[in-house]
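Take a look at the structure set out below.
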Amino acid sequence: DAKTTQPTSMDCAEGRAANLPCNHSTISGNEYVYWYRQIHSQGPQYIIHGLKNNETNEMASLIITEDRKSSTLILPHATLRDTAVYYCIVRGPYRDDKIIFGKGTRLHILP
Amino acid sequence: NAGVTQTPKFRILKIGQSMTLQCTQDMNHNYMYWYRQDPGMGLKLIYYSVGAGITDKGEVPNGYNVSRSTTEDFPLRLELAAPSQTSVYFCASSYSATNYGYTFGSGTRLTVV
């Protein structure tokens, strides 16, 4: 089973920041937080990941709380093309640790 | 680079038929994965491989087989297709087991009738 809890759906106005929360209260010290998204029926797309520190790349920012029990994915200026299902995933560092997908958050960007 | 390429994109099978879903990557990734996604659901891991010659079961391996004879290719074999195998199948690859994202293919949509 997925180790994360996410809201089923969220709305965000175009041009505003989209903040997607994720709860992972049972995360272990060596487990990473990954975010992927899936646009319509396409293959999932990797967005960002982190262990302890906040991370930023060209797509998004990842904010992880100090106790690591929750995180937030931030899309700074949402566009209609960001409409997708967003998956928050916790994964260990070992070779046989896999990415297990939950149901994710369906993000609707409103024009 | 083409990334992860899956063929075919669509296929209709009759119950009891067999087929192989092809997956190839040109990024020299050691790690490869097969997932299935049923309508409205998240992805379920079928099989994975950490390198040529090594494969292992995921969450839902029954009814499927895989092989990994080369780094580039990771075919998924369906024997005796059943309606429950109607799904979209995604192949993915990764450079390392950790601290690295997966690259996914565009999927194979399979219908068993």
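Taken over the range A:1-21, residues that are within 14 Å of chain B (Cβ to nearest Cβ) and in a strand (DSSP E or B) amount to 2.
Here residue B:57 meets the list (1) within 13 Å of another protein chain (Cβ to nearest Cβ); (2) of a type outside the set (Val, Ile, Thr); (3) surrounded by 14 or more Cβ atoms within 10 Å (Cβ to Cβ) almost entirely, failing just condition (3).
Scanning the range A:36-86 for residues that are surrounded by fewer than 19 Cβ atoms within 10 Å (Cβ to Cβ), among the hydrophobic types (A, V, I, L, M, F, W, C) and outside any strand (DSSP E or B) returns A:39, A:51, A:59, A:80.
If you go through the range A:34-49 one residue at a time, do you hit one that is among the small types (Gly, Ala, Ser), without any contact (Cβ under 8 Å) to a residue 12 or more places away in the chain, under 29 Å from residue B:105 (Cβ atoms) and touching a strand residue (DSSP E or B) at 6+ places or on another chain (Cβ under 9 Å)? Yes, some residue in the range A:34-49 is among the small types (Gly, Ala, Ser), without any contact (Cβ under 8 Å) to a residue 12 or more places away in the chain, under 29 Å from residue B:105 (Cβ atoms) and touching a strand residue (DSSP E or B) at 6+ places or on another chain (Cβ under 9 Å).
Summed over the range A:1-30, the residues that are among the acidic types (Asp, Glu) and either crowded, with 19+ Cβ neighbours inside 10 Å or more than 27 Å from residue B:95 (Cα to Cα) (or both) give a count of 2. Which is over 11 Å from the mean Cα position of the chain (by Cα) and at pLDDT 95 or above, of B:7, B:111, B:98? Sole residue among the options that is over 11 Å from the mean Cα position of the chain (by Cα) and at pLDDT 95 or above: B:111.
Working only within the range A:78-111, note down all residues that are more than 12 Å from every other protein chain (Cβ to nearest Cβ) and not hydrophobic (A, V, I, L, M, F, W, C). Selection gives A:79, A:81, A:82, A:83, A:108, A:111.
The values are calculated or read from the model by the stated rules, or taken from the named source; none is laboratory data. The structure presented is a predicted model; accordingly, all values stated were derived computationally and were not measured. Ideal geometry is used to build each Cβ from the backbone, glycine not excepted, and the neighbour counts take in all protein chains shown.
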